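The values are calculated or read from the model by the stated rules, or taken from the named source; none is laboratory data. These numbers were taken from a predicted model, which means no experiment stands behind them. Every residue, glycine as well, gets a Cβ built from its backbone with ideal geometry; the counts of neighbours run over all protein chains shown. Note: areas computed on protein heavy atoms with side chains; ligands, DNA, RNA excluded. Shrake-Rupley method; radii C 1.70, N 1.55, O 1.52, S 1.80 Å.
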Amino acid sequence: MARELYVTLRSPFARKVWMALIEKGLATEIVVIDLESRPSAFEALSPIGKVPVLVDDDGTTVPDSTVICEYLEDRYREHPLRGRGWEARLAVRQLDELGDALADGAVALFFARRDQNARAEAKSSAGIDRLLDTLDAAASPDGAPFCGTLSYGDLAVLAALGYLGFRHGEGWRPGRERLARWYDTLDQRPSAVATRPRLA
Ligand SMILES: N[C@@H](CCC(=O)N[C@@H](CS)C(=O)NCC(=O)O)C(=O)O
């Protein structure tokens, strides 16, 4: 059977894994679903009920973007996206967590604005600003990957920033030139170009 990745075209979590599969050269059929009317085949795959879900070519089924990335690294060693040794792996996992938190914040901000919930909007905006400042301080001045070589942590942050720009514009950039340079460099990779968030 063909390897399948269940996604939506806007989910930053799905995009992180989609990019990882491209970077690792693992051919995958992308199955785009509508979260408003989830097909029963998708519901059966994961009790979590969120995208992404990976169904590997032997039927191994893995939900959650970080769990999928770790699984891919454990199973497919080519084009590694996490470092060797505990320090490098810890750094990648921590970066991945920052990226996921940023994505969660950007999604929460979208719903807060849609629902005109000023309190939730202020909370999400403050959380996003803190994460952006942390990432900007950690980014290298020359646009290089955060941990030296490209990691799935970079992909998590790239997907989160791509979603932030898609939903909320580019207002995150001023005063965060290092992070913007890092983003603009990685955003040119074929894996990033092929997976940019879109409405349909
Ligand atoms: N921790 C999960 C988060 C995934 C997630 O929140 N996906 C959203 C789309 S961006 C989703 O499927 N939401 C559907 C729902 O919550 O019902 C991961 O990293 O994969």
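Computed values, structure above
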{"item": "Neighbourhood charge, 11 Å Cβ-Cβ cut-off, centred on Leu45 and excluding it, Lys, Arg +1 and Asp, Glu -1", "result": "0"}
{"item": "1.4 Å probe accessible area per residue over segment 85-189, in Å²", "result": "50"}
{"item": "Volume in Å³ per residue [convex hull over Cα atoms, computed for segment 1-119]", "result": "116"}
{"item": "Length-normalised contact order of the chain in % [C-alpha pairs under 8 Å, at least 6 apart]", "result": "27"}
{"item": "Ranked by how many other beta carbons lie within 10 Å on average, peptides 188-197, 92-101 from highest", "result": "92-101, 188-197"}
{"item": "Spatial separation of Cα centroids for segment 132-196 and segment 1-64, in angstrom", "result": "23"}
{"item": "Solvent-accessible area per residue for segment 4-75 (1.4 angstrom probe, square angstrom)", "result": "42"}
{"item": "Prolate/oblate/rounded label for segment 147-199 (Cα gyration tensor, a/c 1.5)", "result": "oblate"}
{"item": "Signed unit charges on C-beta, dipole axis of the chain, positive-most listed residue Thr66, Leu95, Ser140", "result": "Ser140"}
{"item": "More than 25 Å apart - percent of Cα-Cα pairs taken over segment 57-180", "result": "31"}
{"item": "Share of carbon and sulfur in the accessible heavy-atom surface of segment 1-134 [1.4 Å probe, %]", "result": "52"}
{"item": "Difference of contour (0.36 nm per residue) and Cα-Cα distance, Ala27 to Asp115", "result": "27.7 nm"}
{"item": "Solvent exposure ordering (accessible area, 1.4 Å, most first) of Lys16, Lys123, Lys50", "result": "Lys123, Lys50, Lys16"}
